[in-house]
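Structure record follows, encoded as structure tokens.
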Amino acid sequence: MKNLTEKEKQYRAMPFWAWNGTLQEDELLRQIDIMKEMGFGGFFMHSRTGLRTEYLGEEWFRMIRRCADHAERSGLEAWIYDEDRWPSGAAGGLASRKEKLRMRFISLYTNDSYLQTDEVERVLCRFAVRLDGAGRLEDYYLLKRGGEQPRAGYALHTFCEERMKCSPQYNGFSYIDTMNPESTKEFIRLTHEKYREYCGEMFGKQIIGVFTDEPHRGPLFNSFGLDNENSSNMAPFTAKLFSYYKERWNEDLRRRLPELFYKGRSEWSETSYRYVICLNDLFLNNFAKPYYDWCRKNKLLLTGHLLHEDSLRMQTSMNGSLMRYYEYMDYPGIDILGESNACYWVPKQCASVARQLGKKMVLTELYGCTGWQMTFEKYKICTEWQILFGADFRCPHISWYTMQGQSKRDYPASILHQSAWYPYYSYLENYFCRLTAFVKEGECRTETLVINAVES
């Protein structure tokens with residue numbers, strides 16, 4: 001980092017370092033030296049597609065320790081990553097081997113196909129529903145147990161509890177129910193406690209912190225990440241949902257389920273609003289907060305980002321209010337995918353929370369899903385506006401350990417020695433460091449209040 005002041009050096013980027021092959025100690029240490037040459041300030045050790053060394057095995061932790069030691073001697077920061085690929089929470093499928101810990105949904109069936117669906121655990125309730133010609137909800141009533149049938153003009157709607165279908169993404173299992181505190185405990189036991197067992201004395205020293213990547217409470221009426229055939233008619237569910245809803249709103253959600261799945265005469269649905277608020281509370285209280293508390297207790301900084309920040313609609317669909325979650329991260333973060341993604345509000349809402357709560361840095365995971373055609377000019381354009389909008393802790397996506405086999409197809413390009421321009425990358429890093437220092441050392445003047453409409 002030639003000609004940079006000490007103040008400017010602290011803003012160097014730390015890339016995702018994809019551990020995606022058979023890990024060899026000499027090669028890992030060589031690549032750390034290359035990252036320093038490129039102007040990086042550290043790295044996140046990140047399990048990716050193609051990994052051949054056992055994830056969370058003895059050799060894995062030996063390599064983690066060696067790289068963390070080498071980083072410290074080289075003046076770099078070593079961070080761990082909390083998952084085998086992503087999203088964070090499943091511990092590579094180990095945490096969801098127990099069916100009771102798997103992500104689950106309220107699933108609506110208008111025929112008997114649920115009887116042949118292996119993931120359906122039980123019928124929650126049955127309704128007689130009447131819709132108008134536009135598919136809006138006109139009337140409904142709860143059917144009695146024992147086989148009561150709808151009156152003329154009404155259709156049978158069956159609401160079931162359904163588990164997320166297992167998939168290769170989670171090594172043959174599924175994502176976890178992040179609104180269930182037992183799922184979070186199991187994830188932390190399998191991942192974080194194991195890191196503490198092997199590397200605990202390095203926490204807060206050679207190992208600075210941990211990155212959590214795209215945790216979420218489950219897609220609401222969209223099929224993102226789901227292989228269930230009924231995915232478009234599924235809404236997140238957890239065992240404590242009905243009791244928590246009753247406690248919070250003094251109302252039985254079970255008796256109002258059709259209002260979640262259909263629009264009524266009004267665009268506004270009080271039931272839907274209350275339901276999403278409850279999901280948000282359960283996600284924060286049972287995943288975000290205990291995770292953050294564990295990191296604080298164990299002297300690890302917590303950074304990362306949640307799934308799908310690009311619009312208020314997608315934020316609501318996958319998580320609810322992201323701004324509420326940012327309270328439970330030391331360095332809250334975002335993910336700006338692609339080359340021309342101009343979602344200016346994403347870093348602004350994150351930086352706003354950081355400023356209000358006194359958070360030191362705002363992470364941005366950037367350059368993902370760009371490609372080998374990226375030039376320095378394009379990297380510069382992608383980065384400048386994010387720094388100016390408050391994202392000052394950069395995590396470039398991605399630096400590959402190897403290009404062998406399937407690894408080469410993992411969201412290129414590789415920002416490491418595989419790219420011919422890597423000896424010149426430090427010029428870009430120097431510029432970004434100076435720009436970040438300029439923004440950080442300036443006075444933030446916020447004279448306009450913008451109300452985030454996600455809960456209105």
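With respect to ARG265, determine if the residue is under 28 Å from PRO396 (Cα atoms) and open to solvent by 60 Å² or more (accessible area, probe 1.4 Å).
no
Could you please give the count of residues in region 87-125 that are in contact with a Pro (Cβ under 9 Å, 6 or more places away or on another chain) and either among the basic types (Lys, Arg) or closer than 30 Å to GLU193 by Cα (or both)?
6
Residues that are of a type in the set (A, V, I, L, M, F, W, C), at least 3 per element: which strands (runs of 3 or more DSSP E) completely within region 85-152 meet that?
104-109, 120-131
Working only within region 285-300, note down all residues that are touching a strand residue (DSSP E or B) at 6+ places or on another chain (Cβ under 8 Å), within 19 Å of THR184 (Cβ to Cβ) and either of a type in the set (Asp, Glu) or not in a helix (DSSP H, G or I) (or both).
ASN298, LEU300
Pairs under 8 Å by beta carbon, first residue in a helix (DSSP H, G or I) in region 436-456, partner among the polar types (S, T, N, Q), six or more apart or different chains?
Within 8 Å, the pairs are ALA437/THR5; VAL454/GLN315; VAL454/THR316; VAL454/SER321; GLU455/SER321.
Might you check whether a residue that is in contact with a Gly (Cβ under 9 Å, 6 or more places away or on another chain), closer than 30 Å to PHE173 by Cβ, loosely packed, with under 15 Cβ neighbours inside 10 Å and not β-branched (Val, Ile, Thr) occurs anywhere in region 43-61?
Checked against the condition, which is being in contact with a Gly (Cβ under 9 Å, 6 or more places away or on another chain), closer than 30 Å to PHE173 by Cβ, loosely packed, with under 15 Cβ neighbours inside 10 Å and not β-branched (Val, Ile, Thr), region 43-61 yields at least one hit.
With the requirement that a residue be among the β-branched types (Val, Ile, Thr) and modelled with pLDDT under 95, what does region 83-116 give you?
Scanning region 83-116 gives no hits.
Looking for something hydrophobic (A, V, I, L, M, F, W, C), touching a residue at least 24 places away in the same chain (Cβ under 8 Å), in a strand (DSSP E or B) and in contact with a Cys (Cβ under 8 Å, 6 or more places away or on another chain) - is there at least one such residue anywhere in region 9-20?
Yes - at least one qualifying residue is present in region 9-20.
Given (1) over 25 Å from the mean Cα position of the chain (by Cα); (2) aromatic (Phe, Trp, Tyr); (3) open to solvent by less than 10 Å² (accessible area, probe 1.4 Å), where does TYR379 come up short, assuming only one miss?
The number of the failed condition is (1).
Please enumerate the residues belonging to region 384-422 that are crowded, with 17+ Cβ neighbours inside 10 Å and under 30 Å from THR446 (Cα atoms).
Matches in region 384-422: GLN386, ILE387, PHE389, GLY390, ALA391, ASP392, PHE393, ARG394, CYS395, PRO396.
State whether one or more residues within region 197-209 are open to solvent by less than 60 Å² (accessible area, probe 1.4 Å) and in a loop (DSSP other than H, G, I, E, B).
Checked region 197-209: at least one residue is open to solvent by less than 60 Å² (accessible area, probe 1.4 Å) and in a loop (DSSP other than H, G, I, E, B).
Considering only region 327-339, I want to know if a residue exists there that is open to solvent by 40 Å² or more (accessible area, probe 1.4 Å), assigned to a loop (DSSP other than H, G, I, E, B), over 30 Å from GLN386 (Cα atoms) and modelled with pLDDT under 95.
no
Checking the condition farther than 24 Å from CYS67 by Cβ, of a type in the set (A, V, I, L, M), part of a helix (DSSP H, G or I) and touching a residue at least 24 places away in the same chain (Cβ under 8 Å), which residue from LEU307, LEU282 passes?
Just a single option satisfies the conditions, and that option is LEU282.
The values are calculated or read from the model by the stated rules, or taken from the named source; none is laboratory data. Note that the structure is predicted; figures quoted are calculated from it, not measured. FYI the Cβ positions are ideal-geometry reconstructions off the backbone, even for glycines, and counts take in every protein chain you see. The accessibility values were calculated without ligands, DNA or RNA, using every heavy atom of the protein model including side chains. Shrake-Rupley method; radii C 1.70, N 1.55, O 1.52, S 1.80 Å.
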